[in-house]
Each structure stands twice: as C-alpha cells, then as structure tokens.
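The values are calculated or read from the model by the stated rules, or taken from the named source; none is laboratory data. Treat the numbers as computed from the prediction; the structure is a model and nothing was measured. FYI the Cβ positions are ideal-geometry reconstructions off the backbone, even for glycines, and counts take in every protein chain you see.
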C-alpha cells in the first residue's frame, strides 16, 4: 500500500538523484529524524551535501532559497508547520513572486515551498491552521495542494520543474492516507475523469444524473467523498465531486461545465469561512453560470482549540457537508 507520504518521499529521492541542482532545506531535516512529518527521510543520508538543516528562522530559509533559485539552483524549502507561512510572506510575496517581473523576465525563481497544513490532530491554535487562502491571488505564485487522488509525488515533481515559485500545501492527515484509485473501495460507484496537466483536477461522476456540484481540494476530499456517499445512499442525492490540485491561479472550467447541469454549488475547505477559497470560487461561478445557488462549508471564524471536541466543533465535518447539501 502506497501512502501519500511514500509518494512524496519517493518523488524527492527521484528528483535529487536526477538533478544535481536540487537542494532541500529546512528545520530538523537530517536523518535519523528526517523532518517533522518524515517526508524528507533518507535524503540527508543519500545526498548529505544537498540537504541543509537550518536555524529556526522561516524568513531566513526563504531568503536563502530565493537567492539559490536566482543563481540557477532548484531549492525545495520545508516549513515545519504551515502556520509559519506568515513568517515567509515578505520573502514570497514581495520578492520571489515578483523578481521575474521586476527584472524584465531576465530571471526566474524555480522555488518550491512545502507547507504541512491543517488540524484534526489536537495541535492547537498556532499549529493547526489552513492558511493557504492568504496566498491565493498573489501574482507570480502558484498554490498547489495534493490529495489522495492521482499521484501526489508526480504533483510535487511538476512543482519542482516549474520555473516560478510554488507553495505546495500538504494537509498533515494526508500523509498516512493510501493513494486512491477509481473503481476501488468506496469509489467503485463513481466514474473518474481528470485533466489540467501538470497540476490536474479530478471529477468523480455519480451513477445517476447529479443534482449538486461539490468543489474541494486536498484532505477536504476525504470529507466530501464520505458525504457524497451518504447523500447517495441515504438521501438519493447524487453529486459531481470536483477535486482541484491548483488553487491559484484559478482555472475553474471543469467546474463551470458541471454547474451548467446542476445549477447548485457547494464548496468545502478547512480554512476559515470568511474570504476563503470557496468564496472566490463561488463568486466566479456566479459570474459565469446563470441561476446558480451556492452554499459554503468551512471552518468557523475562530482560532482552533486544543480540546478535541472544540476542535471538531470549529472545523468542518461530514455532517456539515451533508446538511449543507440537503439545504438546497
């Protein structure tokens, strides 16, 4: 059984073996620890000169990585917890993402920032957030989020091959999830379509005409999938389920195609509700598809609690998705 963690780790090994320009840097990456979530395990043993353990300064990590990229290297910087992307905002937003334009396309910044995001592990308000929405819409920056669908490792390799900076959002609960295949397990009743190379989207089609379109990304697919099955089995509500890998820049063409049939959109994300990914997706959908009804499921606009019952109450759950779908 190949997990998301296995896929990402294998991709990093393959990339470092094939490209001597690739460096990995971040906090506590060296073996035997191999990083806080073990995505970099084994790399420092195989490539000791190109795995750089750093001081606890995320701004310094991104400043160094940006300089390395400008000089022809291909750095992959790990931020130990995605909450700390606030500390790299200046280096990413005002430097790495802008240099190509500031210097008249004479330089490129092929930089990947890996950021383990998300809650549901009891880590509390400063280690459980999904802050990717803060970087959506930044000119010159791509925001990518793998899920257990497809091949997360191939997605990471595509990010490494990109000539512009990429924020690569990895939900912490995904690491132990096995990769999913169409026609297997609880996906057996759905047909799988995909497109959007090199950062693909996936469309799960139900066995009957859909009444609702659900749009999501990353780990949220796990919740949306469970909700879609419950809606189908218990309430005879059939859903198109769209899972995006590229969060920004937006390309919502497959979503619009589904909405022309259903005219009902439900977005699902773990970030807070206000001004989130779902809000922008909904706005663009309403501008494109006439007669649209929209619902959004997201975290409450609160800090995430340490207590598991409180954390569950703040973060979106399967029951919330089912209730929102039935409210149309």
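Condition (residue is free of Cβ contacts under 8 Å to residues at least 40 places away in the same chain and either within 18 Å of residue 153 (Cβ to Cβ) or outside the structural domain of residue 117 (by TED's automatic domain parsing) (or both)) applied to the stretch 19-26: is it met by at least one residue? Please lay out each step first, then the result.
At the first step, the residues of the stretch 19-26 found to be free of Cβ contacts under 8 Å to residues at least 40 places away in the same chain are 20.
From what is left, the residues that are either within 18 Å of residue 153 (Cβ to Cβ) or outside the structural domain of residue 117 (by TED's automatic domain parsing) (or both) are none.
Checking the stretch 19-26: not a single residue is free of Cβ contacts under 8 Å to residues at least 40 places away in the same chain and either within 18 Å of residue 153 (Cβ to Cβ) or outside the structural domain of residue 117 (by TED's automatic domain parsing) (or both).
Given 111, 167, 156, which one is buried (at least 22 other Cβ atoms within 10 Å of the Cβ) and over 23 Å from residue 219 (Cβ atoms)?
Numbers: 167 fails: over 23 Å from residue 219 (Cβ atoms); 156 fails: over 23 Å from residue 219 (Cβ atoms).
Matching residue, one of 111, 167, 156: 111.
Which one of the conditions (1) closer than 15 Å to residue 24 by Cα; (2) touching a residue at least 24 places away in the same chain (Cβ under 8 Å); (3) assigned to a helix (DSSP H, G or I) does residue 45 fail to meet, given that it meets all the rest?
For residue 45, the exception is condition (2).
What strands (runs of 3 or more DSSP E) completely inside the stretch 167-281 contain at least 2 residues that are closer than 28 Å to residue 128 by Cα?
Details: elements: 191-195, 201-205, 212-217, 239-244, 246-248, 264-272.
The qualifying strands (runs of 3 or more DSSP E) are 201-205, 212-217, 239-244, 246-248, 264-272.
Of all residues in the stretch 92-126, which are within 17 Å of the chain's Cα centre (by Cα) and assigned to a loop (DSSP other than H, G, I, E, B)?
111, 118, 119, 120
For the stretch 145-180, give me the residue count where each residue is in contact with a helix residue (DSSP H, G or I) (Cβ under 7 Å, 6 or more places away or on another chain) and without any contact (Cβ under 8 Å) to a residue 60 or more places away in the chain.
3
Quick one: in the stretch 251-278, of everything that is in contact with a strand residue (DSSP E or B) (Cβ under 9 Å, 6 or more places away or on another chain) and closer than 19 Å to residue 141 by Cβ, which residue is surrounded by the most Cβ atoms within 10 Å (Cβ to Cβ)?
277
Looking at the structure I just gave you, is residue 146 part of a strand (DSSP E or B) and under 28 Å from residue 89 (Cα atoms)?
no
Suppose the filter is assigned to a helix (DSSP H, G or I) and not assigned by TED's automatic domain parsing to the domain that holds residue 322; does residue 157 pass it?
Values: assigned to a helix (DSSP H, G or I): yes; not assigned by TED's automatic domain parsing to the domain that holds residue 322: yes.
Taking the combined requirement at face value, the residue satisfies it.
Considering only the stretch 4-22, how many residues are outside any helix (DSSP H, G or I) and closer than 15 Å to residue 42 by Cβ? Break it down into steps so the answer makes sense when it comes.
Looking only at the stretch 4-22, we keep the residues that are outside any helix (DSSP H, G or I), and these are 19-22.
Cutting the leftovers down to closer than 15 Å to residue 42 by Cβ gives us 22.
Summing the residues that are outside any helix (DSSP H, G or I) and closer than 15 Å to residue 42 by Cβ in the stretch 4-22 gives 1.
Output the residues belonging to the stretch 282-328 that are in a loop (DSSP other than H, G, I, E, B) and under 18 Å from residue 218 (Cβ atoms).
Start the filter on the stretch 282-328 by keeping residues that are in a loop (DSSP other than H, G, I, E, B), which leaves 289-292, 300-307, 315-317, 327-328.
Those that are in a loop (DSSP other than H, G, I, E, B) and under 18 Å from residue 218 (Cβ atoms): 304, 315, 316, 317.
What are the residues in the stretch 60-82 that are farther than 28 Å from residue 120 by Cβ and either assigned to a helix (DSSP H, G or I) or at pLDDT below 95 (or both), if any? Full working, then the answer.
The initial filter retains those residues of the stretch 60-82 that are farther than 28 Å from residue 120 by Cβ, namely 60, 63-75.
Once the filter is applied, which keeps residues that are farther than 28 Å from residue 120 by Cβ and either assigned to a helix (DSSP H, G or I) or at pLDDT below 95 (or both), the stretch 60-82 yields 60, 63, 64, 65, 66, 67, 68, 69, 70.
If you scan the stretch 127-138, which residues turn out to be surrounded by 18 or more Cβ atoms within 10 Å (Cβ to Cβ) and outside any helix (DSSP H, G or I)?
Correct list: 127, 128, 129, 130, 131, 136, 138.
Just name the residue that is surrounded by the fewest Cβ atoms within 10 Å (Cβ to Cβ) out of those in the stretch 237-249 that are within 25 Å of residue 82 (Cβ to Cβ) and either free of Cβ contacts under 8 Å to residues at least 60 places away in the same chain or not assigned by TED's automatic domain parsing to the domain that holds residue 214 (or both). So that I can check it myself, show each step before the final result.
The first filter runs over the stretch 237-249 and keeps only residues within 25 Å of residue 82 (Cβ to Cβ), leaving 241-249.
Subset that is either free of Cβ contacts under 8 Å to residues at least 60 places away in the same chain or not assigned by TED's automatic domain parsing to the domain that holds residue 214 (or both): 241-242.
On the way: 241: 28, 242: 26.
Among residues in the stretch 237-249 that are within 25 Å of residue 82 (Cβ to Cβ) and either free of Cβ contacts under 8 Å to residues at least 60 places away in the same chain or not assigned by TED's automatic domain parsing to the domain that holds residue 214 (or both), the one surrounded by the fewest Cβ atoms within 10 Å (Cβ to Cβ) is 242.
State yes or no: is residue 85 farther than 25 Å from residue 12 by Cβ and part of a helix (DSSP H, G or I)?
It is false that residue 85 is farther than 25 Å from residue 12 by Cβ and part of a helix (DSSP H, G or I).
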